[in-house]
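Report on the structure given below.
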Amino acid sequence: MTNTSEKKIITTCTRDCPSACGVIATVVDGKVTSLKGNPNHPVTGGRTCGKLAKYVERVYSPDRVTHPMRKASDGSWTAVSWDDALDEVSFKMDALRKNKGPRSILYYQGFGTRTALELLNRRFFNLLGGATTLKGTLCGGTGEAAQNLDFGKRISHDPTDHRNAKTIILWGRNPAATQQPLMPIVEHVRQSGGEAVVIDPVHTPTAKAVTRHIQPAPGKDLWLALAVAAHILENGWHDKDFLDRHTDNTNDFIQLARRWSTAELTAAAGVSTEDVHYLAHRLAKAKPAAILLGWGLHRWTRAHEAIRVIDALSAMTGNIGIAGGGVSQGFDEWGPYDASVTGDQWHCHKRQLLMPKIGEEILNAKSPNIEMIFVTAGNPLTMAPDSTTVRRAFENTPFVVYCGQFMDDTAAVADLFLPVTTWLEETDIVAAYGHDAVGPVTPAILPVGEAHTHFAIFADLARRLGFTDFEKGEAAWLDDIIAPLHKKGITADTLQTGPVRQGLPHVPYTDKKFPTPSGRLQLICEIESAMPNDPQTEWPFALLTTSPRNALCSEWLPKDQLAMPTVTLGASAAAELHLTDGQEVIVESPVGQLTAHLKIDPRQRNDVALIYRGGWQRHGHGVNVLTESHMSQVGMGTAYYETRVRVRGFVSRDKIDTV
C-alpha cells in the first residue's frame with residue numbers, strides 16, 4: 001500500500017488580470033495536482049477562469065527552462081551555474097555603471113507579475129545609481145489618467161456593488177474572457193430584472209450573456225457617447241440638479257453635445273438610432289446604471305475624450321455617488337504599499353523610456369547608449385507594438401539578460417537566461433486592480449529545477465555589488481512594504497491566513513465632493529477629434545488585437561501555438577475581397593505583415609480585422625509585427641488600435657513559378 005501526502009494551500013493568482021483570484025492549490029506528494037477557486041475569497045468567491053486550471057501545465061511543462069543558460073556566439077544555448085551567471089551579470093553591471101554610468105543599463109519591468117516584492121526590483125536598480133527605467137504603459141494608464149481629470153482621483157465602485165444596478169454597461173469590456181468572477185454579477189443583474197449591455201465592435205464571448213450588444217465602429221465610442229448625451233438632452237432626461245450643484249463646465253459640455261445633430265453623431269458612431277435611444281433610456285430611466293470601462297477602450301490616441309464623455313453621461317443622468325451606479329475603471333494595485341521602498345525618490349531626474357515606443361526609444365537613447373537590458377515579468381518582443389523595431393533594438397544592445405520561464409521571443413534574443421519561479425513557488429503578497437482585496441501568495445511547492453525568485457536573484461546580485469539592503473529577507477521586507485495597511489490591522493502575518501479587504505468605500509463620492517480644486521466634478525468641455533467622414537480604402541480594417549479566452553498575454557505554451565494564427569473578418573468584407581473561410585491570407589499594415597488563416601464570422605463588423613494577441617513570432621504568431629507604435633495623448637498608454645490593415649489571399653511561391 002502506497003502512502004500519499006495531500007495538502008491544500010491557500011494562495012492567490014498573481015497574473016496580469018484584474019481579479020487576483022483566491023486559489024486553493026491541491027498538492028500531492030510535493031506536486032501541484034489541481035488549482036481551484038477559494039470560496040472564502042471576499043470578492044471572487046471561488047470563481048476562476050479556465051486559464052487557472054491550465055496553469056499547472058505551465059509549471060510542469062517540458063518546455064520550461066529551469067536552469068541558467070548562456071547563448072554562445074553561434075546562437076546555441078548552454079547551461080551554466082547560478083554563480084557563473086550572476087558573476088557575469090554583476091561584473092558587467094559594475095563595469096557599466098563605473099565606465100559609462102548607470103543610465104547605460106535599462107531595467108525593463110513588465111506587468112506579468114504585480115506583487116509586493118516586485119517593488120524591490122526597482123530598489124536594486126536605484127542602488128546602482130539610477131538605471132534607465134520605463135514610463136507609460138502597455139495597458140490601462142489612459143483610463144486612470146482620463147478619470148483623474150474628471151473626478152480628481154479615479155475611484156471605482158466595489159464589484160459587489162454592481163449587484164445593485166438595474167442596468168450594467170460593459171463598455172469595451174469582455175469579462176467572459178478576461179475577468180470571469182464578474183460574470184455572476186452580470187447574471188445577477190439580469191436575474192433581478194435588470195439588463196446588461198455590451199458595447200464592443202467585436203462579437204465577444206460576453207456578448208452571448210447580455211441583454212443587448214451594441215457594436216460601434218472601431219474607435220468611434222466618443223461619437224456614440226455624444227449621441228447618447230444629445231438624445232438625453234433632447235428629451236430633458238438629464239439630472240439638472242446634479243449638474244448645477246456638483247459639476248463644472250456644465251454649459252460647455254451641453255454645447256459640445258449639441259454641436260452636431262443626434263443623427264450625425266449616430267452615423268459617425270456606426271450604430272442604429274435604436275441603439276442610441278436604448279442606451280439613453282437605460283442610463284436615464286433605468287437607474288441605477290453602472291458603467292464598467294474595459295481596456296479595449298483605452299487603446300486609441302484620443303481615448304481620453306471618449307472616457308471623459310462617458311463619465312459625463314453618468315454624471316448628467318445622476319448616476320454618480322449612488323449604489324449600483326458610477327463609472328468604474330479599476331483599482332490601484334500598488335495602493336496598499338509604501339512606494340518609498342523602491343528608492344525612486346533618490347534619483348528624481350533619472351532617464352525613463354516610453355513603453356509604448358520602447359523599440360525606437362532604445363535605439364535613440366544617447367549619452368549614454370543602452371548597453372545592457374535586464375528584463376523581468378515581460379516579453380516586449382511579443383507584447384510591445386512595432387515588434388520588428390523592438391527586436392532590432394534588443395539585438396543591437398550588447399548584453400541582454402532575461403528572467404523568465406520559457407524561451408519566448410524576448411528570451412530568444414537574450415544573451416543570458418535566468419530561470420524564475422512561478423507564483424506557486426513563491427512567498428509574496430498581491431493586491432488587485434479589479435477590487436480592494438489583498439491576498440497571500442503562499443508557496444505550494446518547492447522551486448522547480450534551479451528556478452529562483454526575483455527577490456533571490458536581486459539579493460545575490462546586491463551582495464556581489466556590496467549592497468546590504470536585501471539581507472533582512474523576504475518576510476521583513478513584506479511587512480515594511482505593506483506598512484500603510486498596518487493602521488487597518490493588516491500585517492504580513494495576518495495575510496498568510498487568507499485574503500483581507502482594505503476597507504475602501506463600496507460606493508465612491510456619496511457626499512458628492514470630489515478631490516478637484518473646486519470640489520466639483522470636471523466635465524469635458526472640448527475635443528480635438530474631428531467628425532469622421534473619410535472612408536478608409538488603402539487600409540480598410542481596424543486591427544483589433546483582443547485577449548483570447550484560453551491564454552493570458554504572452555503566457556502561451558509552445559504546444560498551443562502549432563496552428564497558424566487566425567484573422568476574423570465579417571462576411572461582407574470577406575466576400576468583397578473574394579476570400580473564403582479557412583483559406584490562407586496575408587494581413588498587411590504599414591509596418592509589417594503576418595500570414596494567417598481566415599475565419600469568416602457574420603456577427604463581426606466589416607471594418608474590423610480581429611487577431612488574438614500573445615502568440616510568439618518564433619511560432620509564426622506575433623501580431624505586433626503589424627502594430628504601429630502610437631501613444632495616447634493622456635496617460636502615456638499604447639494606442640494599439642490606431643493600426644489599420646488590409647487582407648489579401650496568400651499566393652505560394654510554387655504557384656507563382658508555375659504561372
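Values for this structure:
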item: Accessible area per residue, Å², the chain with all protein chains present, probe 1.4 Å; result: 38 Å²
item: FRET efficiency, 1/(1 + (r/R0)^6) with R0 25 Å, evaluated for TRP539 and ALA263 via beta carbons; result: 0.35
item: Share, in percent, of DSSP beta bridges within region 46-201 that are antiparallel, nearest 5; result: 35 percent
item: Net +/- balance of residues flanking VAL420 in space, Cβ distance below 11 Å, scoring K and R +1, D and E -1; result: -2
item: Fraction of beta bridges assigned by DSSP in the chain that are antiparallel (%, nearest 5); result: 50 percent
item: Separation of alpha-carbon centers, region 336-373 and region 468-523, rounded to whole Å; result: 26 Å
item: Where HIS67, HIS349 fall by accessible area, highest first, once all protein chains stay in place (1.4 Å); result: HIS349, HIS67
item: Whole-angstrom gap from region 546-586 to region 378-417, using each part's C-alpha centre; result: 24 Å
item: Sequence ranges 43-52, 402-411, ranked by mean other-Cβ count within 10 angstrom, highest first; result: 402-411, 43-52
item: The chain: radius of gyration over Cα atoms, expressed as a fraction of 2.2 N^0.38 Å; result: 0.97
item: Cβ crowding within 10 Å averaged over residues, with 376-389, 250-263, 95-108, 75-88 ranked highest first; result: 376-389, 95-108, 250-263, 75-88
item: Dipole moment magnitude, nearest 20 debye, the chain about Cα centre, only Lys, Arg, Asp, Glu C-beta charged; result: 660 debye
item: Virtual spin-label span in nm between THR580 and GLU450, 7 Å along Cα→Cβ; result: 5.4 nm
item: Euclidean distance of C-alpha centroids, region 101-117 and region 11-88, integer Å; result: 20 Å
item: Relative contact order, percent, region 601-647 [alpha-carbon distance under 8 Å, six or more residues apart]; result: 23 percent
item: Computed log₁₀ I(q)/I(0) - Debye formula, equal Cα scatterers, no solvent, region 523-659, q 0.10 Å⁻¹; result: -0.38
item: For region 1-62, convex hull of alpha carbons as volume per residue, Å³; result: 97 Å³
item: FRET efficiency, ASN99 to ASN3 (Cβ-Cβ, R0 51 Å, nearest 0.05); result: 0.30
item: Pair GLU528, SER340: separation of 7 Å Cα→Cβ label points (nm); result: 3.8 nm
item: Counting all C-alpha pairs of region 51-136, share separated by more than 17 Å (%); result: 67 percent
item: Label-point separation, ARG245 to SER61 (7 Å along Cα→Cβ), nm; result: 5.6 nm
item: Convex hull volume per residue in cubic angstrom - Cα atoms of region 161-212; result: 64 Å³
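The values are calculated or read from the model by the stated rules, or taken from the named source; none is laboratory data. Treat the numbers as computed from the prediction; the structure is a model and nothing was measured. Virtual Cβ from ideal backbone geometry, glycine too; neighbours counted across all protein chains shown. To get the accessible areas, we keep the full protein, side chains included, count just its heavy atoms, and leave off ligands, DNA and RNA. Shrake-Rupley method; radii C 1.70, N 1.55, O 1.52, S 1.80 Å.
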